[in-house]
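We did not get these values from a lab; they are worked out from the coordinates using the rules stated. Here the structure is a predicted model, which means the values were calculated and not measured. Methodologically, a virtual Cβ is constructed for each residue, glycine included, from the backbone with ideal geometry; neighbour enumeration extends over all protein chains shown.
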Amino acid sequence: MLFLGNNAIFMNSINNKTVWITGASSGIGEALAYVCAAEGAQLVLSARRINELERVAENCKIDKSKILILPLDLEKLDAIDEKVNTVIKKFGSIDVIINNSGMGHRTKVVNTSTEIDRKVMEVNFFGTINLTKAVAKQMQKQKSGKIVVISSIMGKYGMPLYSTYSASKHALYGYFESLRQEVYNDNIKILIVSPGFINTDVSTKLLKEDGSEYGIKSDAQEKGMNAIDCAKGIVKAIKSNRNHKFVGGYEIFSVYVKQYFPKLFYKLMRKMTKE
């Protein structure tokens with residue numbers, strides 16, 4: 001149920017709400033699809049790989065009428081207004097959008113090509129904000145909605161070998177905190193989520209200097225929070241009135257170590273980084 005009052009949104013249930021998830025073909029996005037489906041949401045699943053979206057849709061185990069597969073490539077985002085209209089024609093509204101798509105790299109700054117820098121920023125930042133603009137316009141018409149963006153604890157600090165990825169996540173913070181104020185009177189809520197180490201295969205897909213995939217799952221991610229538990233934490237935050245949510249394990253405390261013990265923080269970062 002959606003309660004509107006005092007220019008705030010309290011969504012204590014996503015049952016029968018339309019939830020659009022980007023990056024839904026794997027990792028956190030896939031887990032979010034399963035958790036949202038279990039809670040009765042109508043789903044819009046977006047990513048580049050149609051076959052993987054079809055697999056996820058099947059695994060959601062809900063009526064096919066409650067799922068719309070909508071392929072999307074944030075690096076080559078075109079006809080976005082048409083895609084928004086497709087969702088509206090299917091479900092009548094967009095109650096929640098979860099901007100989860102993203103990509104990363106593992107390269108030294110001086111060896112990172114401008115092409116990789118631009119590719120990461122195009123997907124993580126520009127693609128995300130372009131989709132958000134189109135959805136926000138629809139939510140303004142509705143006078144309700146919740147926009148969720150998946151940032152990272154690396155949106156709170158930079159880490160060696162992940163410079164442009166960190167920069168893109170920093171940029172999301174600034175952008176969506178600004179947007180929060182602009183859409184306040186439209187009863188649109190903004191939630192920024194910062195995951196730590198989540199047990200997905202995202203590290204295997206990091207770009208190397210030559211543009212190929214890193215192909216190795218990091219120990220930190222191997223030992224990280226289960227993706228379903230992460231998704232449950234995100235959905236719980238969506239149903240609250242929170243502006244921000246950290247999700248993860250012990251690594252979340254690194255944000256506070258940086259704030260209160262900066263010298264120790266940077267020493268640990270240098271020590272932890274394995275080339």
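The figures follow:
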| read-out | value |
| --- | --- |
| For segment 81-159 versus segment 224-275, the gap between their alpha-carbon centres in whole angstrom | 20 Å |
| Antiparallel bridge percentage (DSSP; both residues within the chain; nearest 5) | 15 percent |
| Cross-link pairs Lys17/Lys90; Lys108/Lys245; Lys208/Lys267 - those with Cα-Cα distance over 18 Å | Lys108/Lys245; Lys208/Lys267 |
| Percent of beta bridges antiparallel (DSSP, segment 136-261, rounded to nearest 5) | 10 percent |
| Spin-label pair Glu177/Glu82, simplified geometry with 7 Å Cα→Cβ offset, distance in nm | 3.8 nm |
| Residues Arg180, Arg270, Arg118 arranged by fewest to most Cβ contacts within 10 Å | Arg270, Arg118, Arg180 |
| Rounded FRET efficiency, nearest 0.05, which uses the C-beta distance separating Ile69 from Ser212 and R0 of 30 Å | 0.55 |
| Difference of contour (0.36 nm per residue) and Cα-Cα distance, Gln259 to Asn59 | 67.8 nm |
| Amide N of segment 147-176 lying under 12 Å from the label point, which is placed 7 angstrom from the Cα of Lys108 along Cα→Cβ | 161 |
| The chain: DSSP helices with Cα axial extent of at least 27 Å and average Kyte-Doolittle hydropathy no lower than -1.0 | 163-182 |
| Interchain or long-range residues, amide H under 5 Å from Gly145's placed H | Lys189 |
| Percentage relative contact order, the chain, counting C-alpha pairs under 8 Å, at least six apart | 19 percent |
| For His105, His244, order by how many other beta-carbon atoms lie within 10 Å, fewest first | His244, His105 |
